Amino acid sequence: MPRVQPDQLSICADRLRAGELVAFPTETVYGLGADATQAEAIAKVYAVKNRPSFNPLICHVADFAAAEKLGVFSDNAQKLAEHFWPGPLTLVVPKRTACPVAPLASAGLESIALRVPAHPVAQALLRAVDRPIVAPSANPSGTLSPSRAEHVVNYFPDLLVLDGGDCSVGVESSIVGCLTEQTYWLRAGGLAKSQIEAHLGSPLHDAPTEKEDQARLAPGRLARHYAPQHQLLLTNDPATPKDAVIVFGTQTDPADRSFNLSPSGSDVEAASRLYALLHEIDQLLPEGGRILVRRFPPQTGGLHEAVLDRLNRAAAPNTAETS
Ligand code: TXA
Ligand code: MG
């Protein structure tokens, strides 16, 4: 029984405490969960995903009080945690000396990435396990993230998956780095940058571009990521009969296989549908078929950046490192 409903939640909690992997829903994407205090359980996550071990994992906890036991919160970090948690925001903070999370979770860094998800099933699971849970997206490294239980089952047929329905946000959490006086924007995601800046009352710094700082602050910023199996291109070129086309809002396209990412032209709808639509197109395209994404209008709302970021990475050449 790889896929179970929330009434089986206590089985999932027991498995996690026993050091096994369980996939579970969050409001952003499904996570591949493991007990963050057990190095062996974390090692299984890297192995199953085939993930480079220098790319650290996010620890999930039920509330701010639990997060404070693991990391040290600057004023800005606390301000963001208190306002936006639970929700699609991850904060990278210095790790406490007494933090029980195994060093493998942070891939040797002195920092820790913390998130309090809002999905009620994730909340219930975290409370039942009562330990921090590492959870990268539940997909093989480099491929599309899962936004419903069925996507996870297709990737990992033997894995126990707790089914919590479709993810409402649909793209990963936004990541903000709070390691120094500076507060950094590390990954565009389900919470808009503008909302975070408005709450802080100051602009976020862009992620560092120097290699050394990047390794410390933003080790996961690899070019090719979130990629479907078929080639994806951001282009207005005409489609061949094998191709599929993705349009947005009022755009139309004469191709037979034309899909609208957001008929209402909303960035929130586009984010929530993105992975499910790419999974669907991946399944139906013939070999050699490409996914042509029409030019995305620039003026939509705060999640526009996250959608465009995922599309650009999915379109990055295959030779780049993947995560
Ligand atoms: O929405 C999400 O964040 C999902 C759900 C399951 O919570 N998780 C997720 O995890 O997207 P993953 O592993 O796909 O992405 C985690 C990102 C990576 O880019 C990683 O480099 C970054 O978080 N990260 C983790 N720990 C870090 C740290 N100590 N410093 C800087 N970046 C860190
Ligand atoms: Mg991922």
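The values are calculated or read from the model by the stated rules, or taken from the named source; none is laboratory data. Please read these numbers as outputs of a predicted model, since none were measured by experiment. Cβ coordinates were reconstructed from backbone atoms using ideal geometry, including for glycine residues, and neighbour counts include every protein chain displayed. Quick note on the areas: whole protein, heavy atoms, side chains included, nothing else; ligands and nucleic acids left out. Shrake-Rupley method; radii C 1.70, N 1.55, O 1.52, S 1.80 Å.
Quick notes
- Flag not set for residue 121, criterion: crowded, with 24+ Cβ neighbours inside 10 Å, under 19 Å from the mean Cα position of the chain (by Cα), within 13 Å of ligand 1 (Cβ to nearest atom) and β-branched (Val, Ile, Thr).
- For first residues located in segment 109-125 and in contact (Cβ under 8 Å) with a residue 60 or more places away in the chain, partners that are acidic (Asp, Glu) and open to solvent by less than 20 Å² (accessible area, probe 1.4 Å) and lie 6+ apart or on another chain with Cβ distances below 8 Å form the pairs 117/27; 118/27; 119/27; 122/27.
- When every residue of segment 5-22 is checked against the conditions, none turns out to be in contact (Cβ under 8 Å) with a residue 12 or more places away in the chain, open to solvent by less than 10 Å² (accessible area, probe 1.4 Å) and within 11 Å of ligand 1 (Cβ to nearest atom).
Quick grid of which residues meet (1) open to solvent by 40 Å² or more (accessible area, probe 1.4 Å); (2) among the acidic types (Asp, Glu); (3) more than 16 Å from ligand 2 (Cβ to nearest atom):
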residue: 96; (1), (2), (3): yes, no, yes
residue: 104; (1), (2), (3): yes, no, yes
residue: 112; (1), (2), (3): no, no, yes
residue: 131; (1), (2), (3): yes, no, yes
residue: 137; (1), (2), (3): no, no, no
residue: 160; (1), (2), (3): no, no, yes
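- Some residue of segment 112-120 being in contact with a helix residue (DSSP H, G or I) (Cβ under 8 Å, 6 or more places away or on another chain) and part of a helix (DSSP H, G or I): no
- In a residue-by-residue description of segment 81-88, the property of being in contact (Cβ under 8 Å) with a residue 60 or more places away in the chain and either near ligand 1 (Cβ under 9 Å from one of its atoms) or assigned to a loop (DSSP other than H, G, I, E, B) (or both) applies to at least one position.
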